[in-house]
Amino acid sequence: MAGLFGLFATGCTVPPNTAPVSSKDAFIDSVLSTLTIEDKAGEMTQLTLDMVCVGKPGKVEEPHRLDPDKLEHVLVDLKVGSILNCAGHAYPPEQWHEFISGIQSKAAEKPSGIPVLYGIDAIHGTTYTTGGVLGPQQLGLAATWDTTLVRKFAENAAQEVLASGIPWNFSPVLDVARDARWPRFWETFGEAPKLVSDMGVSMVKGYQEGPSPIAACLKHYVGYSRPLSGKDRTPAWIPERQLREIFLPPFAAAVKAGAATVMVNSGETNGIPVHADRHILTDILRDELGFKGLVVSDWEDIRYLFKRHMVATDYKDAIEMAIHAGIDMSMVPTDTLFPVLLAELVHEGRIAESRIDESVRRILGVKYDRSLFETGGMPPALVDYPDKVRLEGTAARAALESITLLKNEGQHAIYPDQPILPIGGSGRILVTGPTANSLNALNGGWTGTWQGRNPKYNTPGRPTAVESIRAVFGEDRIALAELDMEFGQADIDAIVRSLSPRTTQCAVVFLGEMPYTEFMGNVETIELFQNQQDLVRAIHATGVPIIGVYVGGRPRTHHHIEPLMDAFIMAYLPGDYGARAIADVLSGDFNPSGRLPFTWPRHPSSHLTHDCKHTELNGDGFNPQYTFGSGLSYSPVQTTELKILTGETANMGDTITVEVTLENKGIRSTTETVILYSQDRVASITPSVDELAAYKQVVVPGGATTTVSLDVSTRELGLIGRDNAYRIEPGTFGLRVKDQTAEFELIGPQ
Ligand code: GLC
């Protein structure tokens, strides 16, 4: 059926015998009926862009360009159905158009003519399109607690990604972050399954239901974020009960929200590589959660079944294992053996053709939904590339709302009874620290390049933190003492040599990390780097007040020096608009409203989370550096009078309504995130000390008092029982907002 689908792309009328049929399923079945086993094996194959470029995988020749012979071999000979990624760095839209057009034009020459499904990691905005809008990484988006904003941010990202000609985004990450050592902590929406679920659903809807819909991809299904060692892709031991309590709910919620695709966890849980785990990939994902979309492997993970996990004797064995477990598409991505071996397995009867038909239907379904059969996968006209000015406001707003003020003490420069922030007065401000003057530090990994470390691919013209501070406070107030990550005692001595309260009003010390992702971010400890601790100590010894600003993707512990800082701000990885967001919070132009989406450990070996168990409170109790949900503003809001409006008892299935009174003790309007926790007093499974039950954002004008009500369904107060089934148990429940508490009795049958 040479080039059938190329016809759509050229707008030709479709020959009578292949007229498009009325329904999606009928259309897909009609296409499927024309495919050979080799066509089908090709559709299930995803290669990285390097494989069709001049040069070698990982060493593509500059300027990156398509290799016609490789295109012919990959698309026409091997009939490959999907390509992903950049070939090492970001490209301008024009070059994406060249790549996508070249690939799809050749795809039209495939025996099946089926367009290629192109995928990219645009995980915090348009990460691989030069000049694209880059907002906060997910951890910062979670700190906004603003699901409406996150949905809009995803909608905007989809507009640019699709305008580059790419209809599939490997986002959101729905892994639940439980261990700050894990190098992809910052790619998540934090530690609370409910917040991760809500944010994940918002992002999926933003990608898939906006003005320029693209296919979302839920990753990394499931249990990837809890390796025992804290290191990427090392074994996780997650009993099914905990899997269902903590790690599965965000995927279940996003599947229910209509996510188009799922990417599999590269790791192993309980000794079984997830890529070979039919129970997880089929029994749970398909049969229980009802997922009908496309399941794609992660990078090279089918081959790794025999190369790393040692559960397969050879590549063919690994392929058979993975397809039978439930994988639909292999992100191969740098060999051309996969489709050949897969076709062999079908011809040999080791994999039934009906099994690969299931996968090909799902793949064709995503291509159909993304209108690839109508457009031939061709990119939209460049002239229609969205105007960045229309999109960046949301990214800038998200950066502002993410900034989390965790400590504000010391003395204000003008009002001695006020804390040090926002910075007042007109005295000299010293800015120093390794993340003070780096746009890469603000963006993190998956920015311009995989590891996000190459300034060459940064968005032109976006400021670093110190540049924005200069813009806001005035050039002449700001003295920069620039440091790189490896600075030493001599650098510190040079900084403090001339430092005194007489000459310097305060020091803004930028702490944190430089970008990394995946195994490149593995660490032996999450203690803050010694040189950064020494820097704070030395500045403190001069008597100059210190404002710490942490830029980084995971909470490194700093309990020794925390008391030496008058104020402390968590900026996460705020993106291209993060510098201005930090400066606006420091100056008071923006009243900070961010709230921590994770627990900041006090000690490197502590991995407690807000929903820890009572037995974990022994000794000094639950005493993290900063608690989950914490965050200050410049106009503090006092919470009082928590009432359960629905009374002291509730029946199964009832919705509980809680009301609290908020009083803004300051003069500025404050966005207050009211966070309601529930506590099951006695249960058949050890109850957590706190569970995130509900949250709501309220703007409280300066000096105003208002009440706000939150609803929580008793259906959400259940637990995963000893039989691994969800259950709601009658009994006494506590409810808490900050230090306000109340109880009610849940009555009725189990
Ligand atoms: C990586 C990551 C995954 C990403 C994929 C494609 O290994 O684990 O998050 O989407 O490869 O780049």
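Summary of computed values
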| quantity | calculated |
| --- | --- |
| Extreme residue, nearest to the ligand (Cβ to nearest atom), among residues of region 293-342 that are open to solvent by 10 Å² or more (accessible area, probe 1.4 Å) and on the phi > 0 side of the Ramachandran plot | Glu300 |
| Filtered residues of region 396-418 (kept if open to solvent by 40 Å² or more (accessible area, probe 1.4 Å) and either out of contact with any Cys (no Cβ under 9 Å at 6 or more places or on another chain) or closer than 28 Å to Leu141 by Cβ (or both)) | Arg397, Glu409, Gln411, Ile414, Tyr415, Pro416, Asp417, Gln418 |
| Any hit, region 102-112, residues being open to solvent by 20 Å² or more (accessible area, probe 1.4 Å) and under 32 Å from the mean Cα position of the chain (by Cα) | yes |
| Region 207-217 - residue that is away from the ligand (no atom under 13 Å from the Cβ) and in a loop (DSSP other than H, G, I, E, B) and, of those, nearest to Met520 (Cα to Cα) | Ile214 |
| Positions within region 537-569 being open to solvent by 20 Å² or more (accessible area, probe 1.4 Å) and of a type in the set (Lys, Arg), in sequence order | Arg537 |
| Sole exception among (1) surrounded by fewer than 24 Cβ atoms within 10 Å (Cβ to Cβ); (2) of a type outside the set (Val, Ile, Thr); (3) more than 30 Å from Asp384 (Cα to Cα) for Pro92, by number | (3) |
| Number of the exception - Ser164 against (1) small (Gly, Ala, Ser); (2) in contact with a His (Cβ under 7 Å, 6 or more places away or on another chain); (3) within 16 Å of the ligand (Cβ to nearest atom) | (2) |
| Criterion violated by Ala683 - all others in (1) open to solvent by less than 70 Å² (accessible area, probe 1.4 Å); (2) part of a strand (DSSP E or B) satisfied | (2) |
| Single residue of region 82-123 satisfying the filter (within 16 Å of the ligand (Cβ to nearest atom) and either small (Gly, Ala, Ser) or modelled with pLDDT under 95 (or both)) that is farthest from Phe373 (Cα to Cα) | Gly88 |
| Test: residue in region 715-726 that is part of a strand (DSSP E or B) and either within 13 Å of Ala650 (Cβ to Cβ) or at pLDDT below 95 (or both) | no |
| Residue match in region 99-116 (condition: aliphatic (A, V, I, L, M) and out of contact with any helix residue (DSSP H, G or I) (no Cβ under 9 Å at 6 or more places or on another chain)) | yes |
| Test: residue in region 129-136 that is within 16 Å of the ligand (Cβ to nearest atom) and either acidic (Asp, Glu) or in contact (Cβ under 8 Å) with a residue 24 or more places away in the chain (or both) | yes |
| Single unsatisfied condition, Thr261 versus (1) surrounded by fewer than 24 Cβ atoms within 10 Å (Cβ to Cβ); (2) polar (S, T, N, Q); (3) under 30 Å from Arg390 (Cβ atoms) | (1) |
| Sole exception among (1) within 23 Å of Leu75 (Cβ to Cβ); (2) open to solvent by 10 Å² or more (accessible area, probe 1.4 Å); (3) touching a residue at least 60 places away in the same chain (Cβ under 8 Å) for Arg244, by number | (1) |
| Any hit, region 269-280, residues being of a type in the set (A, V, I, L, M), surrounded by 17 or more Cβ atoms within 10 Å (Cβ to Cβ), within 29 Å of Glu716 (Cα to Cα) and modelled with pLDDT of 95 or more | yes |
| Test: residue in region 576-589 that is of a type outside the set (Asp, Glu) and open to solvent by 40 Å² or more (accessible area, probe 1.4 Å) | yes |
| Positions within region 170-206 being more than 16 Å from the ligand (Cβ to nearest atom), assigned to a loop (DSSP other than H, G, I, E, B) and within 10 Å of the chain's Cα centre (by Cα), in sequence order | Gly190 |
| Residue in region 645-658 that is within 30 Å of Gln418 (Cα to Cα) and either under 29 Å from the mean Cα position of the chain (by Cα) or buried (at least 16 other Cβ atoms within 10 Å of the Cβ) (or both) present | no |
| Selection within region 363-391 - assigned to a helix (DSSP H, G or I), among the charged types (D, E, K, R) and within 25 Å of the chain's Cα centre (by Cα) | Lys367, Asp369, Lys388, Arg390 |
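Let's see how each residue does on (1) touching a helix residue (DSSP H, G or I) at 6+ places or on another chain (Cβ under 8 Å); (2) in a helix (DSSP H, G or I):
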residue	(1), (2)
Gly393	no, yes
Ala396	yes, yes
Leu406	no, no
Pro416	no, no
Pro419	no, no
Gly452	yes, no
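Conditions (1) in contact (Cβ under 8 Å) with a residue 24 or more places away in the chain; (2) in contact with a strand residue (DSSP E or B) (Cβ under 8 Å, 6 or more places away or on another chain), marked per residue:
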position	(1), (2)
Gly543	yes, no
Arg554	yes, no
Thr557	yes, yes
Pro563	no, no
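The values are calculated or read from the model by the stated rules, or taken from the named source; none is laboratory data. Quick caveat, the model's predicted, so the values are computed rather than measured. We place every Cβ from the backbone using ideal geometry, glycine too, and count neighbours over all the protein chains shown. Ligands, DNA and RNA are excluded from the accessible area calculation, which covers all protein heavy atoms including side chains. Shrake-Rupley method; radii C 1.70, N 1.55, O 1.52, S 1.80 Å.
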